[in-house]
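Read the structure below first, then the notes.
The values are calculated or read from the model by the stated rules, or taken from the named source; none is laboratory data. This structure is a prediction, so every number in the text was calculated from the model and none was measured. Virtual Cβ from ideal backbone geometry, glycine too; neighbours counted across all protein chains shown. Just the protein is used for accessible areas: all its heavy atoms, side chains included, with ligands, DNA and RNA removed. Shrake-Rupley method; radii C 1.70, N 1.55, O 1.52, S 1.80 Å.
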Amino acid sequence: MTVAAAVPPLLIGTRIRVQLRHLGQERQPLLIVDDVLADPEAMIDAAREAGFYTPEHTHYPGLNAPLPESYYRTVVTALRGPIAAAFGLSSDACLKYFGFFALATTPAREAEPIQKIPHHDSPDPERLAMVHYLCRGDHGGTGFFRHKTTDFESVDHARHETYVAVAQAQLAARGAGAAAYAGPVMADHELIGQADCVFNRLIVYRNHLLHSALLGPEAGGADPGVGRLTANGFIEAVTS
């Protein structure tokens, strides 16, 4: 059993900046929040003490660990207004959050083919995904993509069966797949937008968008202080 590391109370940054972009032909919202935490180093310290593990039943190319409870209580509560405005959430909805530390550590040469193409987390357009970059250096941000054959930029329940069938056939036809992770040049997907990996930047988007971390060939190391450390999570708005 893994246990989240304790951290001191977290505070929102005094220079926090919020911007809203729209992606591709579908004009899907992408919320970008810079300078989120007043002391992001506290999260890196917490990650150093966390128990990282290899996640089962996911295709994440690396390691995960539990997040401190104070993190999502602080961040999701503080950003409720901008999130609700960007994604049209009801004012009386309860926001449920699940999250984890993530360290991308698997080199592209060792990754499975399915890990090297864009994905959607679920076909539910009401479920939001959140990524908070807690790393410095050239680790690569998050890219958003259009699938060339279907012209899909997102995959909801109505599109899910079609997209999965076509994408699986393309993966099977290409064998071992690309030598690198998803990026600007791909056989079956087109990059339509990206959020750069900026220290203490947080992004929110609908989890059914086709997206991928832009990892390059080597991903990163397993040291939370120097690797591609992020806080990843999902938000669901629940109404009674």
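Just to confirm a number: summing +1 for Lys and Arg and -1 for Asp and Glu over residues other than Glu126 whose beta-carbon lies under 11 angstrom from that of Glu126, what do you get? Local charge sum for Glu126: -1. Centre-to-centre separation between the Cα atoms of the range 193-239 and those of the range 129-162: 10 Å. Within the shell of other residues whose beta carbon sits under 12 angstrom from the beta carbon of Val155, the net charge comes to -4, with Lys and Arg scored +1 and Asp and Glu -1.
The charge dipole of the chain, taken about the Cα centre with unit charges on the Cβ atoms of Lys, Arg (+1) and Asp, Glu (-1), comes to about 320 debye, rounded to the nearest 20.
Residues considered: Val198, Val155, Val185. Largest GNM mean-square fluctuation over the chain, using C-alpha springs under 10 Å, is found at Val185. Normalised by the number of residues in the range 136-240, the mean separation of alpha-carbon contacts (under 8 Å, six or more apart) gives a relative contact order of 45 percent. When you restrict to C-alpha pairs under 8 Å that are six or more residues apart and normalise by the size of the range 1-128, the relative contact order lands at 26 percent.
What longest region of the chain stays clear of trypsin sites (Lys or Arg not before Pro) that DSSP places outside H, G, I, E and B and that have at most 10 other Cβ atoms within 10 Å?
No qualifying site falls inside 28-240, the longest such stretch.
Summing Lys and Arg as +1 and Asp and Glu as -1 over all other residues whose Cβ lies under 14 Å from the Cβ of Ile16 gives a net charge of +1. Karplus-based coupling profile of the range 220-228, in residue order and whole Hz: x, x, 8, 8, x, x, 10, x, 7, with θ = phi - 60° in 6.51 cos²θ - 1.76 cosθ + 1.60 and x standing for Gly or Pro. Amide H to amide H, with H built 1.01 Å from N, Ala178 comes under 5 Å of no residue 5 or more places away or on another chain.
Dividing the convex hull volume of the alpha-carbon atoms in the range 7-66 by its residue count gives 127 Å³ per residue. Calculated accessible area for the range 42-174 comes out at 47 Å² per residue, all protein chains present (probe 1.4 Å; ligands, DNA, RNA ignored). For the range 1-146, dividing the convex hull volume of the Cα atoms by the residue count gives 147 Å³ per residue. When the Cα gyration tensor is reduced to axis lengths a ≥ b ≥ c, the ratio a/c is 1.5 or higher for the range 149-240, and with a/b not above b/c it is classed as oblate.
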